[in-house]
Amino acid sequence: MIDTEALRTQPELTGGHVVLTQLDETYFETAWKALQEPETIRLTGTHTRFTPEQIRTWLAGRTGLDDRADYAIVRKEDRAHVGDLALTDIDKDNRSASFRIALNGPEFFGKGYGTEATRLLLDYAFDVVGLHRVSLEVFDYNPRAQRAYEKAGFVREGLQREALWWDGEWHDVVTMAILKTDPRP
Ligand SMILES: CC(C)(COP(=O)(O)OP(=O)(O)OC[C@H]1O[C@@H](n2cnc3c(N)ncnc32)[C@H](O)[C@@H]1OP(=O)(O)O)[C@@H](O)C(=O)NCCC(=O)NCCS
């Protein structure tokens, strides 16, 4: 059984260096700035260009949902907003979900924030919400993300050949997943 109340209320999740807290419209300024970051746009393959109003509305709608969980990643020492991550597409029958993460810019990459946030969210997904499987897609040109996912326990399952058209070229998309019963290093 999925704990839908745990999804609706999204408890704060605290690690050594980052805290995961409900994403909402109070994060608009930093979220909007992050959406303009070319490196993040490339690594997340974001084709859509959003308006500020679309983002405000989207952020305001993140609370109280029971089919997904959207968290802001804040740095523990100063509560600076360093990124977001989410469990999406929660399938209650099969107890599965998709995962996505993006830090707000290159100044936050490579400091361990992504791996720690991913581990915190997986513990919540499996031990609190009651999910059995969490999967993700990552581009072939993003070895940093693939490494961070492996460190958190995701296992490579497959390759979607030429599934992404980016910057005038086709790219493969790697599929990774972790089960509740897999090691969480
Ligand atoms: C992907 C992301 C969440 C990872 O978080 P992070 O905090 O930067 O990653 P971490 O510091 O926890 O770990 C990165 C690991 O990748 C390794 N790494 C960095 N660049 C690498 C490269 N070019 N090739 C292989 N490994 C690399 C680091 O050495 C580190 O591994 P280690 O601890 O074994 O040394 C973050 O970089 C990010 O948001 N990037 C932009 C958006 C994005 O890519 N989102 C994911 C889309 S699927």
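The values are calculated or read from the model by the stated rules, or taken from the named source; none is laboratory data. As the structure is a computational prediction, the values presented were derived from the model and not from experiment. Please note: Cβ atoms are built from the backbone with ideal geometry, for glycine as well, and neighbour counts cover all protein chains shown. With ligands, DNA and RNA removed, areas are computed over all heavy atoms of the protein, side chains included. Shrake-Rupley method; radii C 1.70, N 1.55, O 1.52, S 1.80 Å.
Some observations on this one:
- The label point for residue 167 and the one for residue 80, both projected 7 Å from the Cα toward the Cβ, are 2.6 nm apart.
- For residue 180, the aspartates and glutamates whose Cα falls under 16 Å of its own Cα, not counting residues fewer than eight places away in the same chain, are 3, 91, 93, 123, 127, 150, 157.
- Taking the stretch 1-84 and dividing mean pair separation by its residue count, relative contact order in percent (alpha carbons under 8 Å, at least six apart): 43 percent
- Choice from 50, 126, 154 showing the highest fluctuation, given a GNM over the chain with Cα pairs closer than 10 Å: 50
- Chain lengthening between residue 46 and residue 137 when straightened (0.36 nm per residue, less Cα-Cα): 31.4 nm
- Whether the chain is rounded, prolate or oblate, judged on the alpha carbon gyration tensor where a/c under 1.5 counts as rounded: rounded
- Net charge over other residues, Cβ less than 13 angstrom from the Cβ of residue 68 (K, R count +1; D, E count -1): -2
- Distance between the modelled labels on residue 55 and residue 5, one decimal in nanometres: 3.6 nm (7 Å Cα→Cβ projection).
- Charged side chains reduced to their Cβ positions (Lys and Arg at +1, Asp and Glu at -1) give the stretch 4-179 a dipole of some 260 debye around its Cα centre.
- Inter-probe distance in nm under a simple model that places probes 7 Å from Cα toward Cβ, at residue 39 and residue 180: 3.8 nm
- Our estimate of slack between residue 89 and residue 26, defined as 0.36 nm per intervening residue step minus the Cα-Cα distance, is 20.3 nm.
- Set of lysines with alpha-carbon distance to residue 76 below 19 Å, sequence-local pairs under 8 removed: 111
- Legend: residues 35, 159, 23, sorted from most to least accessible area (1.4 Å probe; ligands, DNA and RNA excluded), read 159, 35, 23.
- Heavy-atom surface of the stretch 4-179, accessible at 1.4 Å and reported per residue (Å²): 50 Å²
- Part-to-part distance (alpha-carbon centres) for the stretch 135-152 and the stretch 27-104, which is given in Å: 17 Å
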